[in-house]
1. Every residue in the stretch 139-187 that is surrounded by 17 or more Cβ atoms within 10 Å (Cβ to Cβ), closer than 25 Å to residue 227 by Cβ and out of contact with any strand residue (DSSP E or B) (no Cβ under 9 Å at 6 or more places or on another chain), please.
2. Examine the stretch 206-226 for a residue that is more than 25 Å from residue 252 (Cα to Cα) and assigned by TED's automatic domain parsing to the domain that holds residue 250, and state whether such a residue exists.
3. Restricting the stretch 211-241 to residues that are among the charged types (D, E, K, R) and in contact with a helix residue (DSSP H, G or I) (Cβ under 7 Å, 6 or more places away or on another chain), which is nearest to residue 173 (Cα to Cα)?
4. Any residue that is modelled with pLDDT under 95 and assigned to a helix (DSSP H, G or I) - is there at least one of those in the stretch 174-187?
5. Counting just the residues of the stretch 188-247 that are of a type in the set (Phe, Trp, Tyr) and more than 21 Å from residue 166 (Cα to Cα), which one comes out surrounded by the fewest Cβ atoms within 10 Å (Cβ to Cβ)?
6. Residues to consider are 144, 198; find the one that is over 39 Å from the mean Cα position of the chain (by Cα) and free of Cβ contacts under 8 Å to residues at least 60 places away in the same chain.
7. Return the residues of the stretch 164-192 that are in contact (Cβ under 8 Å) with a residue 24 or more places away in the chain and under 28 Å from residue 236 (Cβ atoms); say none if nothing qualifies.
Amino acid sequence: MKTAFNKITLAIAFTGLMSASAFSVAGSRSDEQLATPSAQEIKSKEDQNNAVGFGTGVVLGAVVAGPVGAVVAGLFGILIADDVNDKNRLTQTKNALENALDSTNQELVALQRDYQQSITSANQQIAAMDSAMSQAMQQVTPSLEANIQFKTASFIVEDHYKSQLDGLASELRKNPKLKIELSGFADQRGESTYNQVLSEQRAKAVKDYLVSQFVNDNQIITQSFGESELVSESDSFEDNFFDRRVLLKVSNKPVDMTAANN
């Protein structure tokens, strides 16, 4: 009885050493390989663990319970080896996922950096284009002049002029550095004081219309001359028609504000 007990004890110790040695070697090898092992290497390690588990179980089972016990214990050893293999696979999968996540995060940071650089570059290009266009406008835009005519003793802007003023207002909105000078005039009929006031009202009427079209008030300069600057000294119907007007002058050059009546 004592001899059998000693055999069992020796077998358990021996098989324990075999299992511990084999599994520790397998574990240390997996730790040493930082990169993801190939499928062939994983299969080889699992087969090795299974073989060790089965062999350990067979030895222990044979000593304790004979041939039948050897088979049962061998299968039990395989289950233990499978558990070790599963643990190794989980560790390898976890490492692979962590590596993939780290790589993805690095790519995301790089994409965000490239996107921000692209936005900055695009904004710089837009600013440069705006500056270049502004300088070009200042260099090539001439002074443009046009007249708005009025009926006798009237300062109402006629409807057929409004489409032209709408187009002018659009350009002034697009180019805030442009200025428009509005000069009001009157014909020589009537008192000079009345004609002065009438010329002021005509210039103001045109200004009010442009402001209603969202032109900046600071872009508009008004002044009035009454009957002091006649187109012709002849007091005829045709000549008087040309004196009832507001002269519109668009320019990118500064306007002398001292002569303006706002």
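The values are calculated or read from the model by the stated rules, or taken from the named source; none is laboratory data. Worth saying up front: this structure is predicted, and the values here are computed from it rather than measured. Don't worry about glycine lacking a Cβ; one is built from the backbone with ideal geometry, like all the others, and counts go over all protein chains shown.
1. 187
2. Taking every residue of the stretch 206-226 in turn, at least one turns out to be more than 25 Å from residue 252 (Cα to Cα) and assigned by TED's automatic domain parsing to the domain that holds residue 250.
3. 217
4. Looking through the stretch 174-187, at least one residue is modelled with pLDDT under 95 and assigned to a helix (DSSP H, G or I).
5. Among them, the one singled out is 237.
6. From the options 144, 198, the qualifying one is 198.
7. 182, 183, 184, 185, 186, 187, 188, 189, 190, 192
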